[in-house]
Amino acid sequence: MGEIIKLPENVANQIAAGEVVQRPASVVKELLENAVDAQATRIELRLRSGGIALVSVIDNGLGINSSQLALAFERHATSKLRNAEDLFHLSTKGFRGEALASIAAVSDVVLISKVADQSSAYAIRMRAGHQESIEETAFSQGTSVSVSHLFFNIPARKNFLKSVSVELKHCLDELQRVALLHEDVHFQCFHNDAIIYDLPISSRHQRIVHIFGAKYADRLVPVKEKTDRFSLSGYVIKPEFSKKSRGEQFFFINKRFIRSAYLHKAIIEAFEGLLHSGCHPGYFIEFDINKAAIDVNIHPTKTEIKLEDEYHVFSVLRAAVRHSLGRYQINAPIDFALNPTLTPSYQQVFSEAKTPKIKVSSTFNPFKQNELYPEAFSELYVETDAQQIRIDGQSDVKEELWNLDTMKSFQWANKFIVVSGAEKLLIIDQYRAHQRILYEAFLKKMTLEHLGTQQLLFHEIIDLDAKEWVVFETIETHLSDLGFEFERNSEVLVIKGVPEFFPHKESTSVFKRFIEEAQMMNSALSYSTADMAAKVLAKHSAVKKGVSLTPEAVTELLTDLGRCKEPYLSPFNKRIFVTVQETEIIQKLH
Ligand code: ADP
Ligand code: MG
């Protein structure tokens, strides 16, 4: 080995530049982000030859004081980060203080800036990392950075650049990402003096339409969700407009564009069954996550990000998108108010349905154990426990999935609920719908509420075989978290208490069912024991096929389903309803 020397700064910068500056688009990204960080309300991007000849960004932001111009080009020089602690509370896009130094190391840069409290503007020229000059000049408030001759001193890099059109496309991708997030900034973009984008300050929806074209105006379905840990909002593109090419796929976390194969999968799952084969979903989703729960420091170009609690974000995203798609699927093509022509034909059915409540099973006796399965639980729901198991506390849901005042619904064949809209009928599987309702209600109770225990007057004794013991042990702690109280007494299990919300307090045979079910349940279907428990309980408590429902129960079921987060899939990923279009019926009548 030869002698060890410390690399001169310009060489070190050139090496670092390899990470930060890969192509003109990297320059576009860094300069646009600096302009946004400087609180500009107007940003102009000018490109020549796909950015290879020139990338220039002019903003009306805060500017750089003349005494700091040279410092801005030093590596690790930043105004955005003061100490290590700040790393966890970043609200700016930059923080590494590397971009200007890296860009200047491999190009010619002219930066002109003026701050509000200085009377004149100053221009600094950098070439291959060296300062050429600083001089007074004329410029209005803000900063202009022009980068030309990119990679002039690294021919190998320059040779790697693609055609003008490919480089231009990458530059425009970067512009889109920044512009999508900052609808409160007016962006203009020029290529070889021709204007490509003019994006005035607008709403997020309008910004998407301005960027991607007027036809997007009615292709976007809003998505919104808020939990105690984070919120998300944005749009997905209606499934019928999904594209064969990857199309528009944008995730932003805390105002940064990010890539995430994992979150992408959540969207794919949410679109399951709705996309034509080979098509990709389109989305613009922005997350706002507690900054301390994110590590942005993972990669210099910062499109990868490490999240704590990734699974939570995944499942909330999937549920929110499914919810929006379900809502859109039901509401958008049907306008219940607009087409009164269908109403009369159902008048009869509907008024008939208003007769007094009929008991589902007059012989039902909740204390008679052998009646419990398979039908009795459902009867219990309709007759006695309906209020108890309904999703209470979800009345905060603002929009309703159904408009129950204007549409007609009735039970058909003791299996389905038919809902009539203006142009189509929804045919809902009552068992699956009720599973969904109960599953969400149980899961909510289990995960969000403090669960009380109902002490049993008479302890129940359950025999478990060796295999059942194994299953029991794997879910034991979770069962006690749910509110079960038990004691192992040599080879038998003594049940002393059951959860307060448990639909049937009198019998613990449910408990045994539960263990049987846990044993059979495909573990791949469940994400956690709470999830599994909610699924088992929902499966067993839901009103089965073949049970006649009162009109009130039908309305209740529809109302509850409408409040569900994923109203169109059962907890076991089966479709809850199908639709029959008016046009399909007309075709059949031909
Ligand atoms: P970083 O953005 O990570 O801080 P940069 O190398 O991109 O690092 O920029 C260095 C510093 O130069 C920034 O911290 C900021 O103070 C200043 N700066 C760069 N661009 C602008 C701009 N357009 N307007 C105002 N200040 C800027
Ligand atoms: Mg920066």
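Some points to look at:
- Options 25, 16: the member that is surrounded by 15 or more Cβ atoms within 10 Å (Cβ to Cβ), more than 10 Å from ligand 1 (Cβ to nearest atom), at pLDDT below 95 and outside any loop (DSSP other than H, G, I, E, B): 16
- Qualifying residue in the range 42-52 (condition: surrounded by 18 or more Cβ atoms within 10 Å (Cβ to Cβ), within 16 Å of ligand 2 (Cβ to nearest atom) and closer than 14 Å to residue 24 by Cα): yes
Okay, residues lined up against (1) modelled with pLDDT under 90; (2) in contact with a Ser or Thr (Cβ under 8 Å, 6 or more places away or on another chain):
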position: 116; (1), (2): no, no
position: 119; (1), (2): no, no
position: 123; (1), (2): no, yes
position: 129; (1), (2): no, no
position: 146; (1), (2): no, yes
position: 152; (1), (2): no, yes
position: 162; (1), (2): yes, no
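Residue-by-condition table, conditions (1) farther than 22 Å from residue 313 by Cα; (2) outside any strand (DSSP E or B):
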site: 211; (1), (2): yes, yes
site: 215; (1), (2): yes, yes
site: 222; (1), (2): no, no
site: 228; (1), (2): no, yes
site: 231; (1), (2): no, no
site: 234; (1), (2): no, no
site: 240; (1), (2): yes, yes
site: 245; (1), (2): yes, yes
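- Filter pass, residue 39 being in the same structural domain as residue 132 (by TED's automatic domain parsing), farther than 30 Å from residue 200 by Cα, modelled with pLDDT of 95 or more and away from ligand 2 (no atom under 11 Å from the Cβ): no
The values are calculated or read from the model by the stated rules, or taken from the named source; none is laboratory data. Source: prediction; values computed, not measured. Because the Cβ atoms are built from the backbone with ideal geometry, glycine has one as well, and the counts that use them run over all protein chains shown.
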